[in-house]
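Engineer: Dropping the structure in here first, questions after.
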Amino acid sequence: MENEGSDISRAEEIKNQANEAFKAHRYGLAIDLYTQAIELNSQNAVYWANRSLAHTKLEEYGSAIQDATKAIEGYYRRGAAYLAMGKFKEALKDFQQVKRICPNDPDATKKLKECEKAVMKLKFEEAISVPESERRSVADSIDYRTIKVEPQYLGAKIEGDVVTLDFVKKMMDDFKNQKCLHKRYAFQIVLQMREMLQALPSLVDINVPDGSLLTVCGDVHGQFYDLINIFELNGLPSEENPYLFNGDFVDRGSFSVEVILTLFAFKCMCPSAIYLARGNHESKSMNKIYGFEGEVRSKLSETFVELFAEVFCYLPLAHVINQKVFVVHGGLFSVDGVKLSDIRAIDRFCEPPEEGLMCELLWSDPQPYPGRGPSKRGVGLSFGADVTRRFLQDNNLDLVVRSHEVKDEGYEIEHDGKLITVFSAPNYCDQ
């Protein structure tokens with residue numbers, strides 16, 4: 001990893017020398033230097049684009065076209081990756097470059113428009129945003145009791161204020177038959193959930209008595225029928241049969257609304273029957289790109305988009321079972337010495353930041369070699385068995401359980417048995 005980092009910085013130095021040679025009209029030398037930079041870091045589209053320009057100056061048009069093609073591929077790949085991460089401003093710059101080099105590419109034009117629209121929306125939101133202290137909750141504008149239930153509605157109903165098991169079962173049966181829950185009851189569940197989550201700490205302690213079990217489930221990603229299957233195999237959530245769902249309830253699958261309402265309803269029915277942790281997909285930027293926002297808009301309403309976004313910010317970030325097992329969606333940290341008290345102290349009521357403890361809890365992944373390395377996702381980091389061991393020792397813990405990664409068997413044990421990944425969406429992305 002260190003070599004990789006030094007290659008990248010050396011390549012930048014050589015590129016700067018090449019730029020100087022280009023300015024001095026020494027195009028042959030510039031080409032040689034750009035070539036050295038490319039050999040050290042072939043992923044940087046700038047090097048290919050610059051070398052293409054130098055070839056043009058020497059009238060070497062065949063080589064210029066080859067390099068320009070590589071540059072387009074590089075900008076396009078990086079732009080697409082930024083877009084997938086919700087980094088619209090960075091993606092915009094790359095697609096602008098593709099458009100400059102290749103003005104008639106229809107796909108680049110489409111992606112550029114998508115980015116421009118997203119960046120404009122961000123700027124507009126920033127312009128009209130109010131300070132945190134003055135911000136009002138969308139929940140303040142909702143009174144679900146005033147919403148009329150039409151006589152022709154034959155679906156699940158909540159009588160009064162209490163969510164019962166009979167209601168949850170009827171709601172799940174309706175969902176199985178592709179029927180919707182009335183907005184009145186959907187609002188009631190989500191608002192009740194908001195209040196409940198708001199009172200919880202960022203790190204929740206769970207006590208499982210001797211002889212009892214707690215089932216930890218990983219990502220479900222909108223796979224409602226897989227969720228039903230889990231309950232059929234393992235029993236419905238109850239005080240005697242508790243579950244911990246470890247983030248990424250929504251996005252990608254087509255039934256994210258059904259999944260989130262079912263999990264929330266069980267929590268409303270009996271808070272100790274089900275524990276819910278935030279995943280990296282419980283965030284606005286992910287929900288915008290990976291389907292939840294659009295699904296909520298079509299099945300419920302725009303107000304629900306705002307309400308879910310707010311309630312997701314209230315989800316706890318991690319759990320500790322019996323003071324020995326640390327359960328988190330993503331993983332561990334870029335620094336040693338993080339204590340459970342540091343996690344408890346995180347002010348989680350916000351969209352996930354792009355760095356820091358909260359970001360790393362939601363985004364990090366284990367790696368097979370020691371130390372730390374850059375994240376394959378571009379957010380968070382990769383951490384080795386030595387990092388896991390030190391974290392466990394520092395906090396007198398025995399095990400890390402996390403999710404966040406697809407595993408063919410549904411789980412994988414790593415880091416000398418000290419880290420388990422669990423993933424619970426067997427039909428993820430229809431694979």
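The values are calculated or read from the model by the stated rules, or taken from the named source; none is laboratory data. Worth saying up front: this structure is predicted, and the values here are computed from it rather than measured. Positions of Cβ are generated from backbone atoms using ideal geometry, with glycine treated the same way; all protein chains shown enter the neighbour counts. In case anyone asks, the SASA skips ligands and DNA or RNA and just uses the protein heavy atoms, side chains included. Shrake-Rupley method; radii C 1.70, N 1.55, O 1.52, S 1.80 Å.
Engineer: Quick check: at a probe of 1.4 Å, how many percent of the accessible area of the chain sits on carbon and sulfur atoms?
Structural biologist: It is 51 percent, rounded to a whole number.
Engineer: A follow-up question, please. Using the Karplus equation 6.51 cos²θ - 1.76 cosθ + 1.60 (θ = phi - 60°), what ³J(HN,Hα) coupling, rounded to whole Hz, does each residue of the stretch 159-175 give in order, writing x for Gly and Pro?
Structural biologist: 7, x, 9, 9, 7, 9, 4, 4, 4, 4, 5, 5, 4, 5, 5, 4, 4
Engineer: Sort Ile230, Ile260 by heavy-atom solvent-accessible area, probe 1.4 angstrom, most to least.
Structural biologist: If we order Ile230, Ile260 from most to least accessible, we get Ile230, Ile260.
Engineer: May I pose another question? Net charge near Asp336, counting Lys/Arg +1 and Asp/Glu -1 over other residues with Cβ under 11 Å of its Cβ?
Structural biologist: +2
Engineer: Within the stretch 55-137, which trypsin sites (Lys or Arg not before Pro) sit in a loop by DSSP and count at most 13 neighbouring Cβ atoms inside 10 Å?
Structural biologist: For trypsin sites (Lys or Arg not before Pro) across the stretch 55-137 that sit outside H, G, I, E and B with at most 13 neighbouring Cβ atoms in 10 Å, the list reads Arg135, Arg136.
Engineer: Keeping every protein chain present and rolling a 1.4 Å probe, give me the accessible area per residue for the stretch 343-431 in Å².
Structural biologist: 49
Engineer: Also, quick follow-up: Keeping all protein chains in place, calculate the accessible area per residue for the stretch 263-316 (probe 1.4 angstrom), answer in Å².
Structural biologist: Accessible area per residue, the stretch 263-316: 27 Å².
Engineer: With runs of 4+ DSSP H residues as the only contributors, calculate the mean residue ellipticity of the chain at 222 nm using -39,500 (n - 2.57) per run, divided by the residue total and rounded to the nearest 500.
Structural biologist: About -15500 deg cm²/dmol.
Engineer: Could you tell me which residue out of Thr146, Leu214, Met172 lies farthest along the dipole of the stretch 141-235 toward its positive end? Charges go on the beta carbon: Lys and Arg +1, Asp and Glu -1, centred on the Cα centre.
Structural biologist: Highest projection toward the positive end goes to Thr146.
Engineer: Moving on to the next point. Among Tyr369, Gln223, Ser403, whose Cα projects farthest towards the positive end of the dipole of the stretch 138-422, with charges put on the beta-carbon of Lys, Arg (+1) and Asp, Glu (-1)?
Structural biologist: About the Cα centre, the residue reaching furthest to the positive side is Gln223.
Engineer: Please state the charge dipole magnitude for the stretch 1-156, taken about the Cα centre, from unit charges on C-beta atoms (+1 on K and R, -1 on D and E), reported in debye and rounded to the nearest 20.
Structural biologist: 540
Engineer: What is the spin-label model distance, in nm, from Ile8 to Asp173 if the labels are put 7 Å beyond Cα along the C-beta direction?
Structural biologist: So the label points at Ile8 and Asp173 sit 5.6 nm apart.
Engineer: With +1 on the Cβ of every Lys and Arg and -1 on the Cβ of every Asp and Glu, and nothing else charged, how large is the dipole of the stretch 138-422 about its Cα centre, in debye rounded to the nearest 20?
Structural biologist: I would put it at about 400 debye.
Engineer: Multiply the residue gap between Glu125 and Tyr153 by 0.36 nm, knock off their C-alpha separation, and tell me the result in nm, one decimal place.
Structural biologist: Full-extension gain reported as 6.4 nm.
Engineer: Taking just the C-alpha trace of the stretch 1-128, give me its Rg and Dmax in Å.
Structural biologist: Using the Cα atoms of the stretch 1-128, the pair Rg, Dmax is 16.5, 52 Å.
Engineer: Non-local amide H neighbours of Leu244 (under 5 Å, H modeled in plane, Pro and chain starts lacking H): which ones?
Structural biologist: Thr215, Val216, Cys217, Tyr275
Engineer: Considering Cα pairs under 8 angstrom that are at least six residues apart, work out the relative contact order of the stretch 1-66 and quote it in whole percent.
Structural biologist: It comes to 28 percent, rounded to a whole number.
Engineer: If you don't mind, there's one more thing I want to ask. Once you list every other residue whose beta carbon is under 13 Å from the beta carbon of Ala273, what net charge do they have if Lys and Arg are +1 and Asp and Glu are -1?
Structural biologist: Its environment carries a net charge of -1.
Engineer: Which value, in debye to the nearest 20, describes the size of the charge dipole of the stretch 340-410 about its Cα centre when Lys and Arg Cβ atoms bear +1, Asp and Glu Cβ atoms bear -1, and nothing else is charged?
Structural biologist: 120
Engineer: Sequence gap of 8 or more, or different chains, plus Cα separation below 22 Å: how many lysine pairs satisfy both in the stretch 292-431?
Structural biologist: Lysine pairs meeting both conditions in the stretch 292-431 amount to 6.
Engineer: Count the net charge of all other residues whose Cβ sits under 13 Å from the Cβ of Tyr75, scoring Lys and Arg as +1 and Asp and Glu as -1.
Structural biologist: Computed value for this residue: +1.
Engineer: Here is a further query. Report the relative contact order of the stretch 1-128, percent, no decimals, based on alpha-carbon pairs under 8 angstrom and at least 6 residues apart.
Structural biologist: Reported relative contact order: 15 percent.
Engineer: Order 247-256, 147-156, 15-24, 41-50 from most to least packed using the mean count of other Cβ atoms within 10 Å.
Structural biologist: Descending packing order for the listed peptides: 247-256, 41-50, 15-24, 147-156.
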